[in-house]
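Okay, so here's the structure we're looking at.
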Amino acid sequence: MHNGTTITQFLIEEQRRIRSASGDFTSLLNDIVTACKVIANAVSHGALVGVLGSQGSENVQGETQKKLDVISNDVMLQSNQWAGHCAAMASEEMEEVYQIPAQYPRGKYLLVFDPLDGSSNIDVNISVGTIFSILRCPPGIDNPTEKDFLQPGTQQVCAGFALYGPCTMMVLTTGNGVNGFTLDRNIGEFVLTHPKMQIPEDTSEFAINMSNERHWEAPVKRYIDECRAGKKGARERDFNMRWVASMVAEVYRILNRGGIFMYPKDMKDPSKPGRLRLMYEANPMSMIVEQAGGVSSTGRERILDLKPDNLHQRVPVILGSRNEVERVVKYHKES
Ligand code: AFP
């Protein structure tokens, strides 16, 4: 028998601390948690239930959709549309804002998500995850449109991600620290296993897609060259490198043992000032990283301060251990 705190208990205890709380937010989080359990189940059965491979369609980013991208998106929509907590939703997999069907009541929150981050890894059985961000619907808005979603990351009420790895994890922040929960499949509940996660300030581990090196700007090249020079270089110590190509896995590693993750601005395609999406990747991950004592920047600005231009905007991302991210920011200022 388990004797830990379940995520349900944790959320209800958090709710009790806020006198005016109606329970809507707790219920919304419970629905998101349920959706992530359904997605975890589908991911874990893989080829046995025919969910691997391509769907044969493209999303708004022009990326080929995997079957599990589409399944996960549907699960998130269905779990979160009926209870009357959301005013509208937006997803990596949908060009437009998703309106709550007319038969359901509308709520006061806007939910934004990447239903299956790292989906290029699904077919080769490497960790993937679901990233989400909750915003308040501006007052007096009955039918939210894209502009109602375009709030800076500092306005997020909650950010979180589920990681479908060797264990299924849920990592959450509501602006009061970061907590990690492990799915106990025997009881079907997430249990608090990683309370008050803190990112170490220093690290000797970096994560970047080195195949883009020739497209990087000078400050990023300088930083990585110094790391690679090891003990005999300016940093006078050896660095290690990781690249999973699933941001959820990289951020989870950084939350546990520190590190710096970079998908910086590059010159590969001038129409794309970065690879990662602001509203459903960079913003929720930046809130989590900052709440765990880390730093998140484009190299030039704090990510959470950016005012989004559109739902699918891309931005450069440099996040993780405070001292290393600040060093990269300093190199940008100097260049
Ligand atoms: P997908 O969800 O399309 O696989 O993208 C994953 C991701 O947005 C992020 O999780 C990774 O860090 C990054 O892209 C990997 O990009 P590269 O394939 O260019 O390394």
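Looking only at region 286-302, count every residue that is of a type outside the set (Ser, Thr, Tyr), part of a helix (DSSP H, G or I) and touching a helix residue (DSSP H, G or I) at 6+ places or on another chain (Cβ under 8 Å) and tell me the total.
Going through region 286-302 one residue at a time, the tally reaches 4.
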Near pairs, Cβ below 6 angstrom, 6+ apart or cross-chain, from region 225-252 (acidic (Asp, Glu) and modelled with pLDDT of 95 or more) to any residue that is more than 13 Å from the ligand (Cβ to nearest atom) and not in a helix (DSSP H, G or I): Glu226/Gly233; Glu226/Ala234; Glu226/Arg235
Determine if region 280-301 includes at least one residue that is at negative phi, free of Cβ contacts under 8 Å to residues at least 12 places away in the same chain and not assigned by TED's automatic domain parsing to the domain that holds Gly180. yes
Is it the case that Thr203 is within 19 Å of Ser246 (Cα to Cα), of a type in the set (Val, Ile, Thr), buried (at least 19 other Cβ atoms within 10 Å of the Cβ) and modelled with pLDDT of 95 or more? no
Please work out which residue is farthest from the chain's Cα centre (by Cα), limiting yourself to region 170-200 and to residues that are of a type in the set (Ser, Thr, Tyr) and crowded, with 20+ Cβ neighbours inside 10 Å. Thr174
Given the condition more than 16 Å from the ligand (Cβ to nearest atom), modelled with pLDDT under 95 and open to solvent by less than 30 Å² (accessible area, probe 1.4 Å), answer yes or no: does some residue in region 16-25 qualify? yes
Flag if Ile122 is open to solvent by 10 Å² or more (accessible area, probe 1.4 Å), in a helix (DSSP H, G or I) and assigned by TED's automatic domain parsing to the domain that holds Ser44: yes
Specify the residue that is farthest from the ligand (Cβ to nearest atom); the eligible residues are those in region 117-153 that are over 22 Å from Ile32 (Cβ atoms) and of a type in the set (Asp, Glu). Asp142
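Residues checked against (1) over 26 Å from Gly180 (Cα atoms); (2) within 17 Å of the chain's Cα centre (by Cα):
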site: Asp269; (1), (2): yes, no
site: Ala282; (1), (2): no, yes
site: Val295; (1), (2): no, yes
site: Arg302; (1), (2): no, yes
site: Leu306; (1), (2): yes, yes
site: Asn310; (1), (2): yes, no
site: Asn323; (1), (2): no, no
Filtering region 194-228 down to residues that are in a loop (DSSP other than H, G, I, E, B) and hydroxyl-bearing (Ser, Thr, Tyr), which residue is farthest from Phe10 (Cα to Cα)? Ser204
For region 122-148, enumerate the residues that are within 25 Å of Ala42 (Cβ to Cβ), out of contact with any Cys (no Cβ under 7 Å at 6 or more places or on another chain) and at pLDDT 95 or above. Val124, Asn125, Ile126, Ser127, Val128, Gly129, Ile131, Phe132, Ser133
Restricting attention to region 230-258, the residues that are more than 13 Å from the ligand (Cβ to nearest atom) and part of a loop (DSSP other than H, G, I, E, B) number exactly 8
Does region 67-119 hold any residues that are surrounded by fewer than 23 Cβ atoms within 10 Å (Cβ to Cβ) and either among the β-branched types (Val, Ile, Thr) or outside the structural domain of Ala35 (by TED's automatic domain parsing) (or both), and which are they? Val70, Ile71, Val75, Val97, Ile100
Kindly indicate whether any position in region 257-266 is charged (D, E, K, R), over 29 Å from Pro115 (Cα atoms) and open to solvent by less than 60 Å² (accessible area, probe 1.4 Å). no
If Met287 satisfies all but one of (1) open to solvent by 10 Å² or more (accessible area, probe 1.4 Å); (2) away from the ligand (no atom under 12 Å from the Cβ); (3) over 14 Å from the mean Cα position of the chain (by Cα); (4) more than 20 Å from Ala218 (Cβ to Cβ), what's the number of the condition it fails? (3)
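The values are calculated or read from the model by the stated rules, or taken from the named source; none is laboratory data. All of these numbers come straight from a predicted model, not from anything done at the bench. Cβ: placed from backbone, ideal geometry, glycine included. Neighbour counts: every protein chain shown. Only protein heavy atoms, including side chains, enter the accessible area calculation; ligands, DNA and RNA are left aside. Shrake-Rupley method; radii C 1.70, N 1.55, O 1.52, S 1.80 Å.
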